[in-house]
Amino acid sequence: MPAPYVVALDPGHGGSPSSDPTVLWDPGVVAGRLVEKDITLDLGFRLKALLEKERVKVVMTRTTDRYLEISERWNLVHASKARLFVSLHVNAFDGDPSINGLTVFYPRAESQAFAQHLEAGLAAALQPFGVPDDGVAPKPELWVHSDIPTATVEPAYVSNAHEAGLLTRADFREAIASGLFQGLLQADPQIDATYQQIVRVEQARAARLQAERAAAAAAAARVRRWELGGLVAAVLLMLVIALRARRRSVHARRRSGRRGRRRPYAAREGHVRPTVRDLSEVKK
Ligand SMILES: [Zn+2]
């Protein structure tokens, strides 16, 4: 089986206040009911599901509401042997609620093309919702250790009323995941090539299994035919034996019947019964 293609996803922020004051927590931006850490985790799961259908191995920096340092996140990504890395966030702009649109940041020039693929995928998916495309921008302070194509995605603003409304909707979140998925497929054709390889191997394996099952079924049918043939032969043999025995007993009865009806000895031609006188003469 070909090795799966690995993608790392980082749902931004995370963690909730607890009774332990030493435990850190970071909700990200909060706008009414919208909390960034929850949106990013949901987007992560949605994108993970799409990628896993494509047979991609997805590694997430967190799958629960917990706090992680940036360095911890990067260590997880690095250890995962991921070939692409997407950090998920949503945007906010204090003081100007009219600011809106999607943006994709990249740490260095090596990741610019990757960021542009994600941006194009997102722009196509979010255009029907009226989310403008603000393009890509470098942000060198993010993911400074990254050595694989890396992007930080900000698909919409929670500080913008229209986009905040959209972010509460499942279909909009699904569109974000779908746009990122398309962007990832465009960013590296190896994702789909690996998928095709895996499917081919699986199909060959399934065909082999089916052929083995068919052969086993045919062999079982052959054995049943032999058993049936043997049974028929045995029945025929018993029938033949029974018929022969019956014929023999009929012959025997006929023969004994003929004997019973035999003519007297003397009456048979060519034989003369000796007289009693003659016998007395013989005795002398
Ligand atoms: Zn954020």
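Taken together, the values in this text are just the output of simple stated rules run on the coordinates, not laboratory data. The structure displayed is predicted, hence computed values, not measured ones. Here the Cβ positions follow ideal geometry from the backbone for every residue, glycine too, while neighbour counts run over all protein chains shown.
Please compute P(r) over all alpha-carbon pairs of the range 39-98, binned at 10 Å starting from zero, and give each bin as a whole-number percent.
In whole percents, the pair-distance histogram is 18, 48, 24, 10, 1.
Would you calculate the separation in nanometres between label points at Ile70 and Met1, each defined as 7 Å from the Cα along the Cα-to-beta-carbon direction?
Distance between label points: 3.7 nm.
Between Leu231 and Ala204, what is the FRET efficiency for a Förster distance of 35 Å, r being their Cβ-Cβ separation, to the nearest 0.05?
0.30
Using 0.36 nm per residue, how much length does the chain from Trp25 to Gln196 gain when fully extended, once their Cα-Cα distance is taken away?
Full extension of this stretch gives 57.4 nm more.
Counting pairs of alpha carbon atoms under 8 Å apart in space and at least six apart in sequence, what relative contact order in percent does the chain give?
19 percent
What's the ranking of 74-80, 237-243, 166-172 by average number of surrounding C-beta atoms within 10 Å, highest first?
My ranking of the peptides, most packed first, is 74-80, 166-172, 237-243.
Among the lysines in the range 6-188, how many pairs, 8 or more places apart or on different chains, have alpha carbons under 24 Å apart?
So the count works out to 8.
Would you calculate a helix-derived [θ] at 222 nm for the chain, using -39,500 (n - 2.57) for each DSSP H run of n ≥ 4 and dividing by the full residue count, to the nearest 500?
Calculated from helices alone, the mean residue ellipticity at 222 nm is -18000 deg cm²/dmol.
Given charges of +1 on the Cβ of Lys and Arg and -1 on the Cβ of Asp and Glu, with all other atoms neutral, how large is the dipole of the range 85-228 about its Cα centre, in debye to the nearest 20?
Around 1360 debye, computed over the range 85-228.
Compare the Cα positions of Met1, Pro27, Val56 along the charge dipole of the range 1-57 (+1 at Cβ of Lys, Arg; -1 at Cβ of Asp, Glu; about the Cα centre) and return the one farthest towards the positive end.
Met1
Among Tyr67, Leu47, Ala217, whose Cα sits farthest toward the positive end of the charge dipole of the chain (+1 at Cβ of Lys/Arg, -1 at Cβ of Asp/Glu, about the Cα centre)?
Ala217
Taking other Cβ within 10 Å of each residue's Cβ, how do Glu202, Glu119, Glu54, Glu163 sort, fewest first?
Glu202, Glu54, Glu119, Glu163
Give me the compactness ratio for the range 88-245, meaning the Cα radius of gyration over 2.2 N^0.38 Å.
On the way: Rg = 32.5 Å, N = 158, 2.2 N^0.38 = 15.1 Å.
Against the empirical 2.2 N^0.38 Å value, I get 2.16 for the range 88-245.
Just for the Cα atoms in the chain, what are the lengths along the principal axes, largest first, rounded to whole Å?
165, 43, 39
Treating only the Cβ atoms of Lys and Arg (+1) and Asp and Glu (-1) as charged, compute the dipole magnitude of the chain about its Cα centre; round to the nearest 20 debye.
For this selection, approximately 7720 debye.
Given points 7 Å out from each Cα along the Cα-Cβ axis, report the Ala215 to Ala79 separation in nanometres with one decimal.
4.5 nm
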